[in-house]
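Report on the structure given below.
The values are calculated or read from the model by the stated rules, or taken from the named source; none is laboratory data. Here the structure is a predicted model, which means the values were calculated and not measured. With ideal geometry, Cβ positions are generated from the backbone for all residues, glycine too; neighbour counts draw on all protein chains shown.
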Amino acid sequence: MTLASLAAFAGLCLVLSVTPGPDTFLVLRIALNRPSAGVAAAAGSAGAAIVWAALVGLGLAAVLEQSAELFRWVKIAGGLYLLYLGLSSLIKTRRAAKAAVGSEDSGKDAPLAYSRLSAFGAGAFSTLLNPKVGLFYLAVVPQFVPHGGDTLVNSLLLGAVEAVVAFAYLTMIAVIAFKAMRWLKRPKVSTVVERTSSGIIAGLGVGVVASGAAS
């Protein structure tokens, strides 16, 4: 595989990364409370992308594409998980707001919504349960694998490129989100942004479940 091919693939990944999706909103939501947790979520998403690349190399993603029923249930599962993330985030936001009221008198900060480990898991599962990631690799990877080359090795290489691009972009989102919240450190603004991003995640989940059930 040539450097030109890798550069072209990286450019394609960058274009796709800057298009807002479930992972972007998830990282944004988590990073509002703790930037390191947002970076952990980005790392989880990037790692899961490599797993999808490996599955494509092994031919498992091809089975997923050919089986409409399997694709439908994986899609619904991913949508339900996004819905769970959105609703649980809304609940955590309310609890954090209540805890913040008590912490004003004690001088302590409100409890964090996500640990690094839970954030990493949320990012990983969000990507693993998104069959569109696998279908993206299935559609694009063959175009960049040289004739006669090792499919698995090349798929993993391309997966690593996509993971690096996605991690860099999502990490930037996490840092910017946290810096913005520090600059706009007003309880009402924080609550509105957190609830909005959580609602978007839940809405994406409902949309995915609905489209999956209708297919």
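Does any residue in segment 15-34 that is at pLDDT 80 or above come within less than 6 Å, Cβ to Cβ, of a residue that is assigned to a loop (DSSP other than H, G, I, E, B) six or more places away or on a different chain, and which pairs are these?
Ile30/Tyr114; Arg34/Leu112
When Lys108 is evaluated against the numbered criteria (1) part of a helix (DSSP H, G or I); (2) modelled with pLDDT under 85; (3) exposed (fewer than 15 other Cβ atoms within 10 Å of the Cβ), which criterion, by number, is the only one it fails?
Condition (1) is where Lys108 drops out.
Cβ contacts < 6 Å: first residue within 17 Å of Leu152 (Cα to Cα), restricted to segment 126-138; second residue among the hydroxyl-bearing types (Ser, Thr, Tyr), any location; separation 6+ or different chain. Result?
Val133/Thr127
Select, from Leu204, Leu184, the only residue that is touching a Gly at 6+ places or on another chain (Cβ under 8 Å) and modelled with pLDDT under 80.
The conditions single out Leu204.
Could you figure out which of (1) modelled with pLDDT of 80 or more; (2) surrounded by 19 or more Cβ atoms within 10 Å (Cβ to Cβ) isn't true of Leu58?
Status for Leu58: all satisfied but (2).
Taking Pro142 as meeting all but one of (1) assigned to a helix (DSSP H, G or I); (2) out of contact with any Cys (no Cβ under 7 Å at 6 or more places or on another chain); (3) in contact (Cβ under 8 Å) with a residue 60 or more places away in the chain; (4) not aromatic (Phe, Trp, Tyr), write down the number of the exception.
Looking at each condition in turn, Pro142 falls short on (3).
Which residue out of Ala8, Ala41 is in contact with a helix residue (DSSP H, G or I) (Cβ under 9 Å, 6 or more places away or on another chain), more than 21 Å from Ala202 (Cα to Cα), in a helix (DSSP H, G or I) and touching a residue at least 60 places away in the same chain (Cβ under 8 Å)? I'd like the intermediate steps shown before the answer.
Values: Ala41 fails: more than 21 Å from Ala202 (Cα to Cα).
Going through Ala8, Ala41 in turn, just one is in contact with a helix residue (DSSP H, G or I) (Cβ under 9 Å, 6 or more places away or on another chain), more than 21 Å from Ala202 (Cα to Cα), in a helix (DSSP H, G or I) and touching a residue at least 60 places away in the same chain (Cβ under 8 Å): Ala8.
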